[in-house]
Amino acid sequence: MATNLEDLIVNIPDFPKPGIIFRDITPVFGSADGLKAMTDLLAQKYADRGITKIVGAESRGFMVGAPLAYAMGVGFVPARKPGKLPRAVLRETYELEYGTDELQIHTDALTADDVVLLIDDLLATGGTAAAQARLVQQTGAKIAGVAFLMELTDLGGRAKLEEVTDAEIYSILQATEE
């Protein structure tokens, strides 16, 4: 019997503040069948794209990207928050609701010969994903796709991401904020 990923996601009303429905995806990772189903869906979708590296955004992008890289037989590059990588880094700053944040990768993590799949757990407002795309573009690598477990379709993230890359954007599941 196939695993329905949507059935594993728990909706938490009024978290982290009233009016927000938090989509808790951790049960997908806690279920062997859920993790396998998610990984297999993404691996099949991107099997023939010539992917050489997967770049996952901290931190839940690691949880999607690392098993996917393993399944596809390619390398995994973590896009980390500041102060987490020990060698020279490339940086990309992005806007948050209140302030800014930054993603970093090692300067030697990607080359112009790499074909990259960007991965994260959730596409919401698109700030993290757009920063991830701009960070990879600094290396000259080609972005073959951008993929998510879930997309909150009413928050404008897809449009923001389309401003910085023409790569295909794919999400396994879609939901609205409400």
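Read-outs throughout are calculated quantities, based only on the coordinates presented, and are distinct from any laboratory measurement. Bear in mind that the values here come from a model prediction, so they are computed numbers and not experimental data. Methodologically, a virtual Cβ is constructed for each residue, glycine included, from the backbone with ideal geometry; neighbour enumeration extends over all protein chains shown.
Using a cut-off of under 20 Å, list every residue of the range 97-130 whose amide N is near the label point 7 Å from the Cα of E162 along the Cα-to-beta-carbon line.
Label zone hits: 118-120, 122-130.
Which value does Rg/Rh take for the range 43-90 over its C-alpha atoms, Rh per Kirkwood? Display every interim value, and only then the final one.
Details: Rg = 11.8 Å, Rh = 11.5 Å.
Taking Rh as the inverse mean 1/r over Cα pairs, Rg/Rh reads 1.03.
Run the count for the chain, please: Lys pairs, Cα-Cα under 29 angstrom, 8 or more apart or on different chains.
21
Under 16 Å from the 7 Å Cα→Cβ point of N11, by amide nitrogen: which residues of the range 134-175?
150-155, 173-175
Find the eigenvalues of the gyration tensor of the Cα atoms of the chain, then list the square roots of 5 times those eigenvalues as equivalent ellipsoid semi-axes, largest first, in whole angstrom. Please report the intermediate quantities before stating the final value.
Details: eigenvalues 120, 84, 42 Å².
Calculated on Cα positions only, the semi-axes equal 25, 20, 14 Å.
With a cut-off of 8 Å between alpha carbons and a minimum separation of six or more residues, what is the relative contact order of the chain in percent?
On the way: 351 pairs, mean separation 30.7, N = 178.
The value is 17 percent.
Among DSSP beta bridges lying fully in the chain, give the percent that are antiparallel, nearest 5. All intermediate terms of the calculation are to be shown ahead of the outcome.
Numbers: 13 of 37 bridges.
About 35 percent, rounded to the nearest 5.
About the Cα centre of the chain, how large is the charge dipole given +1 on each Lys and Arg Cβ and -1 on each Asp and Glu Cβ? Please answer in debye to the nearest 20.
Details: 16 positive and 26 negative charges, 131 e Å.
Magnitude of the dipole: close to 640 debye.
Which one of K36, K142, K45 has the biggest mean-square fluctuation once the chain is modelled by GNM with Cα springs under 10 Å?
K45
State the three equivalent ellipsoid semi-axes of the range 21-101, derived from the C-alpha gyration tensor as the square roots of 5 times its eigenvalues, in descending order and whole Å.
Working: eigenvalues 123, 71, 25 Å².
For the range 21-101, the ellipsoid semi-axes come out as 25, 19, 11 Å.
Any chance you could run the full-extension gain for T26 through Y98? It's 0.36 nm times the residue separation minus the Cα-Cα distance, nm to one decimal.
Values: separation 72, 0.36 × 72 = 25.92 nm, distance 2.56 nm.
Value of the extension gain: 23.4 nm.
Given the C-alpha centroids of the range 105-146 and the range 46-92, what is the distance between them in whole angstrom?
What the calculation gives is 9 Å, centre to centre.
Among L103, L149, L41, which one shows the biggest mean-square fluctuation in a GNM of the chain, springs joining Cα atoms closer than 10 Å?
L41
Note down the magnitude of the dipole of the range 121-167 about its Cα centre, charges +1 on Lys and Arg C-beta and -1 on Asp and Glu C-beta and zero elsewhere, to the nearest 20 debye.
Values: 4 positive and 6 negative charges, 39 e Å.
That gives the range 121-167 a dipole magnitude of about 180 debye.
Compute the normalised compactness of the range 1-44: alpha-carbon radius of gyration over 2.2 N^0.38 Å, N being the residue count. Walk me through the numbers before you get to the answer.
Values: Rg = 12.5 Å, N = 44, 2.2 N^0.38 = 9.3 Å.
The reported ratio for this selection is 1.34.
Any idea what the dipole of the range 98-153 comes to, in debye rounded to 20, about its Cα centre with Lys/Arg Cβ at +1 and Asp/Glu Cβ at -1?
Numbers: 2 positive and 8 negative charges, 35 e Å.
Here the size comes out at about 160 debye.
How many times 2.2 N^0.38 Å is the alpha carbon radius of gyration of the range 54-125?
Taking N as the residue count of the range 54-125, the ratio is 1.12.
Build a GNM of the chain with springs between Cα atoms under 10 Å: which of I119, I51, I12 gets the top mean-square fluctuation?
Per the Cα network of the chain with a 10 Å cutoff, I12 tops the list.
Using only alpha-carbon positions, what ratio does the radius of gyration of the range 78-178 give when scaled by 2.2 N^0.38 Å? Working shown, then result.
On the way: Rg = 13.5 Å, N = 101, 2.2 N^0.38 = 12.7 Å.
Taking the Cα Rg and dividing by 2.2 N^0.38 Å, one obtains 1.06.
Taking the inverse of the average 1/r across all pairs of different Cα atoms in the range 101-148, what Kirkwood radius in Å do you get?
Kirkwood hydrodynamic radius for the range 101-148: 11.1 Å.
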